[in-house]
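The values are calculated or read from the model by the stated rules, or taken from the named source; none is laboratory data. What you see is a predicted model, and the numbers here were worked out from it, not measured in a lab. Cβ placement follows ideal geometry from the backbone for every residue including glycine, while neighbour counts extend to all protein chains displayed.
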Amino acid sequence: MNWSEGAENVLTALAKMVPETLRQLAHMSAKDEAESIAQERGANEVDVDDAMRGWIRITPPDQRNGLVAVIDSLGLEPETYVEELENAEGWDEESEEPPDSGM
């Protein structure tokens with residue numbers, strides 16, 4: 001799937017915030033999630049919102065409050081992502097692994 005330049009930049013910036021030992025895994029997981037989101041909306045290109053939503057979905061729900069400042073620092077509107085930030089669907093409360101992560 002194609003990625004807009006803005007989406008690539010957002011994903012790269014987000015991945016840089018992850019410790020190096022986990023960075024590639026986080027990047028790949030978020031990329032897969034963002035592409036899934038783009039497909040769900042019938043698009044053939046991942047945009048900035050898809051990339052951000054993908055990142056939110058792979059972030060454990062108890063760590064998402066910290067993403068509000070990150071979203072704002074990227075020049076995006078946190079209000080756009082309220083539903084994703086509050087939704088813990090697919091996350092096991094006792095586990096910190098994203099759904100279908102294979103971990």
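Numbers at a glance
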{"quantity": "Residues (more than 18 Å from A26 (Cβ to Cβ) and either among the polar types (S, T, N, Q) or buried (at least 17 other Cβ atoms within 10 Å of the Cβ) (or both)) located in segment 39-64", "calculated": "Q39, N44, D47, D49"}
{"quantity": "Sole residue being crowded, with 19+ Cβ neighbours inside 10 Å and either in a helix (DSSP H, G or I) or of a type in the set (D, E, K, R) (or both), chosen from L22, L14", "calculated": "L14"}
{"quantity": "Count of residues meeting criterion [at pLDDT below 95, part of a loop (DSSP other than H, G, I, E, B) and out of contact with any Phe, Trp or Tyr (no Cβ under 9 Å at 6 or more places or on another chain)] in segment 60-103", "calculated": "14"}
